[in-house]
Structures are given as structure tokens and as C-alpha cells.
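Mind having a look at this structure? Questions to follow.
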Amino acid sequence: MTDIDGLLLLPHLRVQNANAISGPLTWGFPSPTAFLGFAHALERKLRDDWEVQFTGAAIVCHRFEPLTTQPNRRRHQVFNLMRHPVRAGYKKWQDKDAALIEEGRAHMEVSLLLETEGDLEDEPEEFLQKVSATVQGMRLAGGSILPMRDSTNRPVWQPWWDDESDNLEAFRKLRRRLLPGFALVHRPDLLAERLSELRGQNPDANALDALIDLSALHVEPETDEQGQAHWQYHRPPGWIVPLPIGYSGLTELYPPGQVAHARDGETPFRFVESLYSLGQWISPHRIHHPGHLMWRYQTDEPNGLYLCANDYATTLNKE
């Protein structure tokens, strides 16, 4: 946080029909890659008028409403699927419905706190007006951003000074705008700790076993003093969730233009698969420094790793 020039708060963004399937194993709240991608897209749209960079993003969720239904008590929840229009144009396809493609959607309300690099102190109001107008025409996690309800949800920019005590006091005031809500942080330390415990019981246990064990609701019988067995529910403390955090390369880098139908013909191409880790939802009032919330890109190209992570677990170990 020493090299930044300020914090940009985008409060209470209402997103309609956001993507709720960010990986092959889980569904729910979008991956941090969606929000860092949004910050990068916003930076590129502002680049013509403002020399500003967004180096990190804090994610706070105020409301999350998946578009699902439960047909009956014996079945799990299923996504509400969209009906596509009837195919037309060819005689053999006339009056036939198009195939249904399963799409997980959700409505949500989130706040984003972005680290900014760039001198904005001379004209902050013009910058905020430009940000507000630009955000309204963008998409976040595949969903549409709805218009602001009132002026209280306008973007706010907080300059970052050399005095750490003044910065922390400013962050405490800014933190109130994030309530009520829950902030998403990275907890690989819990995953490593659980993996070590499982390997003490079974040397063949792997990280996926630890992730499933931490994410599952365990139902176990316990016997009381009278010898009667009762079902007990056990889950690890805290609101922890499996979280797709990036991608791992499956192949070497191909030169630009070598792979057919690639989206970008000027960038090297690599086939990848999703990577999972452990996340946790915590209340923002427990955070005393904005750097503990920030998600940033972590790239290890020789090993083919393209990740999103933050330093919350590292700060816990230091404390």
C-alpha cells in the first residue's frame, strides 16, 4: 500500500444476471478473476482521459440472489434456464425449439474498493463523474450493472498520504460504506493446515480431499449418557467456501496466431484449467488496513500459473 495514490470506492453496484458458474466444480458467487477483469476493463476505458492504474481490488458482497428453484423437497436446487427463440430460416428446423443451454445466473449487490496509481487530486470530481458514467455502461461478471438508486451511491475517491495514521483513520471512515456486507479474502493457510491433518490419517490425501472436507457439512452420530445415538452436524468455524482463484497451464505457450479461432491474434496462447483454493467471508469492520482486503494478480509464467490472491492470511501469521 505504500506505492498507491488513493482508494476508489464503487459502492453498492447492483448487477443483474451475473454468471454464477465460475469453475467446473462449484457454483455461486463469481470468481475474483471477474472483478479484477472488471477493474482492468475500467482502467482501459479511462486511459484516454486519465493516467490511472488499478493495482488491486477488494470485493464486498451486500446481497446475492441465485436464480434457482427447487422442484420438490427431495431434489436439489436447479438453475432457472432461459427459453431461446424458435429456430427459423430453414424448412427442416421450422417450428422446433432451440436447445436449452444450462446457464447459472444470479442477481447481486457488491461494492468494490480499488487501489489507484495516478495523480487525481487536482480534478477528483471530474474523474468521479467520468467513472460513474463509464461504470453504468459496463458489465460485471457477465451481468448488467443497473443505474444507481440515489446520489449516496456515487463513487468516492480517497487520497493516500505519507502519514500512515491519517490513512488508517480515512480508511475507517471509508469502511463504514461497506456495511452491512461481507468481504471475500483468501485462506490458503486453512487449506494447508487441514491437508496436513488428513495426511496424518491417510498419507495419500491430497489438496482436493482437504478442500472437500472443509466445504462439506459432516453429519456424525454421537452417543449420550443413556446410550442413545443422536445425529450431530459439524462444520469448521467461520464462513469458508471453495473458490476458483485462477488457471494453470496445460500446454506450452503458442506464438500469436498459431492457434485457430483464438480471441486475440497478437497475444501468445496457452490451454489452461481452473485452480481452486479456499476463501472466507468476513465482516469489513474486522479489517484495519485496506491492503488486507486487496486481491491482486500473481503470475508465474514459467510454471504456468495465473492466479488471484490477497495477503489476509499472511497478515494473520504476522500478528
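The values are calculated or read from the model by the stated rules, or taken from the named source; none is laboratory data. Bear in mind the structure is a predicted one, so any value in this text is a computation, not a measurement. Every residue, glycine as well, gets a Cβ built from its backbone with ideal geometry; the counts of neighbours run over all protein chains shown. The area values use the complete protein model at the heavy-atom level, side chains included, leaving out ligands, DNA and RNA. Shrake-Rupley method; radii C 1.70, N 1.55, O 1.52, S 1.80 Å.
Restricting to segment 186-203, and then to whatever is touching a residue at least 60 places away in the same chain (Cβ under 8 Å) and in a helix (DSSP H, G or I), can you tell me which residue is surrounded by the most Cβ atoms within 10 Å (Cβ to Cβ)?
The selected residue is Leu191.
So which residues in segment 136-164 are farther than 22 Å from Arg176 by Cα and among the β-branched types (Val, Ile, Thr), if there are any at all?
Within segment 136-164, Ile145 is the sole residue that qualifies.
Could you tell me which of the residues Asp189, Asp213, Asp224, Asp204 is within 25 Å of Gln298 (Cα to Cα) and charged (D, E, K, R)?
Checking each option against the conditions leaves just Asp189.
Scan segment 40-70 residue by residue and report those that are within 24 Å of Pro290 (Cα to Cα), without any contact (Cβ under 8 Å) to a residue 24 or more places away in the chain and among the acidic types (Asp, Glu). Walk me through how you get there before you give the answer.
Within segment 40-70, the subset within 24 Å of Pro290 (Cα to Cα) is 40-44, 46, 50-64.
Next, only the ones that are without any contact (Cβ under 8 Å) to a residue 24 or more places away in the chain stay: 40, 43-44.
Result: Glu43, single match.
For Ser151, indicate whether it is open to solvent by 70 Å² or more (accessible area, probe 1.4 Å), over 26 Å from Glu123 (Cβ atoms) and among the polar types (S, T, N, Q). Please lay out each step first, then the result.
Numbers: open to solvent by 70 Å² or more (accessible area, probe 1.4 Å): yes; over 26 Å from Glu123 (Cβ atoms): no; among the polar types (S, T, N, Q): yes.
Spelling it out, it is not the case that Ser151 is open to solvent by 70 Å² or more (accessible area, probe 1.4 Å), over 26 Å from Glu123 (Cβ atoms) and among the polar types (S, T, N, Q).
Quick check: anything in segment 167-185 open to solvent by 40 Å² or more (accessible area, probe 1.4 Å), out of contact with any His (no Cβ under 9 Å at 6 or more places or on another chain) and touching a residue at least 12 places away in the same chain (Cβ under 8 Å)?
The answer is no, given that none of the residues of segment 167-185 is open to solvent by 40 Å² or more (accessible area, probe 1.4 Å), out of contact with any His (no Cβ under 9 Å at 6 or more places or on another chain) and touching a residue at least 12 places away in the same chain (Cβ under 8 Å).
Hey, could you check segment 14-26 for residues that are of a type in the set (A, V, I, L, M) and under 14 Å from the mean Cα position of the chain (by Cα) and say which is most open to solvent (accessible area, probe 1.4 Å)?
Here the answer is Ile21.
If you don't mind, another one. What about Phe29, is it crowded, with 22+ Cβ neighbours inside 10 Å and either assigned to a loop (DSSP other than H, G, I, E, B) or within 15 Å of the chain's Cα centre (by Cα) (or both)?
yes
Do we find that Thr134 is at pLDDT 80 or above, within 22 Å of the chain's Cα centre (by Cα), of a type in the set (Ser, Thr, Tyr) and assigned to a helix (DSSP H, G or I) in this structure?
Yes; evaluated as a whole, the condition is true for this residue.
So, one more: Is it true that some residue in segment 41-55 is among the acidic types (Asp, Glu), within 16 Å of Ile145 (Cα to Cα) and either in contact with a strand residue (DSSP E or B) (Cβ under 7 Å, 6 or more places away or on another chain) or surrounded by fewer than 18 Cβ atoms within 10 Å (Cβ to Cβ) (or both)?
no
Residue-by-condition table, conditions (1) of a type in the set (Gly, Ala, Ser); (2) closer than 24 Å to Leu191 by Cα:
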position: Tyr254; (1), (2): no, no
position: Ser274; (1), (2): yes, yes
position: Leu278; (1), (2): no, yes
position: Pro290; (1), (2): no, yes
